[in-house]
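The values are calculated or read from the model by the stated rules, or taken from the named source; none is laboratory data. Computed from a prediction, not measured in an experiment: that's the story for all the values here. All Cβ positions, glycine included, derive from the backbone under ideal geometry; neighbour counts span all protein chains shown.
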């Protein structure tokens, strides 16, 4: 008898494209559905960068476009965020806050991309918002984006074993 395949969803926000690259690679390895969190307001340019850091530090919630996915249909939800000022990005904070109850029905995993550090604090904040521990986490520095496939495969293996 064949084991039932786990149904997975990868949800992420990406300002520069780094988190998108990692999220898409995770989704491909998991054979998962993908949704990208999209904000109603642009973060382009230097002012967008400054606003991003300020919002992360103040834990501000922002307006995001609605996602139609029924999270209760998934066995696993993997959430990805860039690290902004040693914190979870405001779009991901908003998504997790808005979907807190629906996220309790699935296994959770987190991943983040960052310039240098801040992953531990970011994962701690994500865990606090979700109200429980993830089954696995993955952090990727910007300099590692093109060479982290073995780490992504190991992360996915943890999720599927």
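Where in the stretch 35-125 are there helices (runs of 4 or more DSSP H), lying wholly inside it, with at least 3 residues that are surrounded by 13 or more Cβ atoms within 10 Å (Cβ to Cβ) and at pLDDT 90 or above? Fully inside the stretch 35-125 and qualifying: 90-98. Residue pairs whose Cβ atoms lie under 6 Å apart, sitting 6 or more positions apart in sequence or on different chains, and linking a residue in the stretch 130-142 that is touching a residue at least 60 places away in the same chain (Cβ under 8 Å) to a partner that is surrounded by fewer than 16 Cβ atoms within 10 Å (Cβ to Cβ) and part of a loop (DSSP other than H, G, I, E, B), are 142/115. Filter the stretch 1-34 down to residues that are without any contact (Cβ under 8 Å) to a residue 12 or more places away in the chain and in a loop (DSSP other than H, G, I, E, B) and give me whichever is nearest to residue 126 (Cα to Cα). In this case the residue turns out to be 17. Every test in (1) in contact (Cβ under 8 Å) with a residue 60 or more places away in the chain; (2) touching a strand residue (DSSP E or B) at 6+ places or on another chain (Cβ under 6 Å) is passed by residue 75 save one, and that test is (2).
Under the condition of being part of a helix (DSSP H, G or I) and either over 17 Å from the mean Cα position of the chain (by Cα) or closer than 17 Å to residue 104 by Cα (or both), the residues counted in the stretch 127-143 number 5. When residue 124 is tested against the conditions (1) closer than 18 Å to residue 12 by Cβ; (2) without any contact (Cβ under 8 Å) to a residue 12 or more places away in the chain, the lone failure is (1).
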